[in-house]
Amino acid sequence: MKRRKLLGYAGAGVGVTLGMGVLNQAQAQSAGVTIRSLGHTAFLFTGGGRRILVNPFRSIGCTEGLPSPALPADIVMISSRLFDEGYLNDLPGEPRVLTDPGVYDFENLRVQGILTAHDRQGGRRFGNNTVWKWTQGGVTIVHMGGIAAPLGVEEQILLGRPDVMLVPVGGGPKAYTATEAVQAVQVLKPKIVIPTHYETTAAGDSCELAPVDEFLSLMQGTPVTRASSGSLGVRPNDLPSQGMRIQVYQYPRA
């Protein structure tokens, strides 16, 4: 395996400058971002001249029937070193890999990683989880990773109100249950909610996650859009002016 450029930083508020330039705000606002589901918590975000891959996994267990998410990207973010959200072995090219909480400044892009616990025992069982926040194509995105801990006041302030929030809903020992996910959504009040980390037909027999249905039932009254494909384009003008909507993706199959 060739050496990857791993960028880790402990302590939010510390900056890593990886490039310099002047942001063209008008171009960023008009471009938007395409969000492509790769299954589980893995997504590819394309927009603003960049491809950002979050949480590539190894196809095993709950991701057994999913194709490899190891796609070309400029930046790769992982929420933990667990196989279902931090598998880096097959990545093509030489992307920048972000692994730890902190503030990372690229040219025309700032990424913030926020530390949370990955379980309900303060991280003693599965360690820590990094929640990622960034703005791409004029759309502010929060990817919650595989979080299981409730959001504290500090985390709420850092995350603010995102345009798009990707949140695990399938439960298990290291991710939100449907009820916990609803609580997190009610705290952050995003404009678009994308549920992740739930059981699908691609899961193997060892998968113990719940399907997305319980989360949708608890969010009754919130409009739900089911994508006919694995990609969704979001522009700032597409965002709901009031309230929120839920976007459910069709996951790929191997």
Practice prompt. Filter segment 50-68 down to the residues that are modelled with pLDDT of 95 or more and farther than 23 Å from L115 by Cα, then identify the one that is farthest from the chain's Cα centre (by Cα).
Written response: R50
Worksheet item: Within segment 152-165, can you find the residues that are crowded, with 19+ Cβ neighbours inside 10 Å and either of a type in the set (D, E, K, R) or part of a loop (DSSP other than H, G, I, E, B) (or both)?
Response: E155, P162, D163
Response to the item:
Screening Q121, Q186 for residues that are surrounded by fewer than 20 Cβ atoms within 10 Å (Cβ to Cβ), part of a loop (DSSP other than H, G, I, E, B) and without any contact (Cβ under 8 Å) to a residue 24 or more places away in the chain leaves only Q121
Response to the item:
The correct count of residues that are under 19 Å from R36 (Cα atoms) and touching a residue at least 24 places away in the same chain (Cβ under 8 Å) in segment 69-89 is 14
Practice prompt. Tell me which residues, restricted to segment 22-47, are under 18 Å from T135 (Cβ atoms) and at pLDDT below 95.
Written response: V22, L23, N24, Q25, A26, Q27, A28, Q29, S30, A31
Discussion item. Filter segment 191-202 down to the residues that are surrounded by 22 or more Cβ atoms within 10 Å (Cβ to Cβ) and either out of contact with any strand residue (DSSP E or B) (no Cβ under 6 Å at 6 or more places or on another chain) or free of Cβ contacts under 8 Å to residues at least 12 places away in the same chain (or both) and list them by number.
Written reply: P195, Y198
Worksheet item: Among the listed residues G127, G145, G86, which satisfies the condition of being touching an Asp or Glu at 6+ places or on another chain (Cβ under 9 Å) and surrounded by 20 or more Cβ atoms within 10 Å (Cβ to Cβ)?
Response: G145
Discussion item. Against the conditions (1) modelled with pLDDT under 95; (2) not in a strand (DSSP E or B), where does L71 fall short? Just the number, please.
Written reply: (1)
Practice prompt. Among the residues of segment 97-116, write down those that are polar (S, T, N, Q) and either touching a residue at least 40 places away in the same chain (Cβ under 8 Å) or surrounded by fewer than 21 Cβ atoms within 10 Å (Cβ to Cβ) (or both).
Written response: T99, N108, Q112
Discussion item. For segment 213-254, which positions are among the hydrophobic types (A, V, I, L, M, F, W, C), at pLDDT 90 or above and surrounded by fewer than 16 Cβ atoms within 10 Å (Cβ to Cβ)?
Written reply: V224
Item to complete: Could you check how many residues of segment 32-68 are among the basic types (K, R), closer than 21 Å to P168 by Cβ and either in a helix (DSSP H, G or I) or without any contact (Cβ under 8 Å) to a residue 60 or more places away in the chain (or both)?
Response: 1
Worksheet entry | Selection count where residues are loosely packed, with under 12 Cβ neighbours inside 10 Å and of a type in the set (D, E, K, R), scope segment 203-212 | 1
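The values are calculated or read from the model by the stated rules, or taken from the named source; none is laboratory data. Values in this document were obtained by computation on a predicted structure and should not be read as measured data. All Cβ positions, glycine included, derive from the backbone under ideal geometry; neighbour counts span all protein chains shown.
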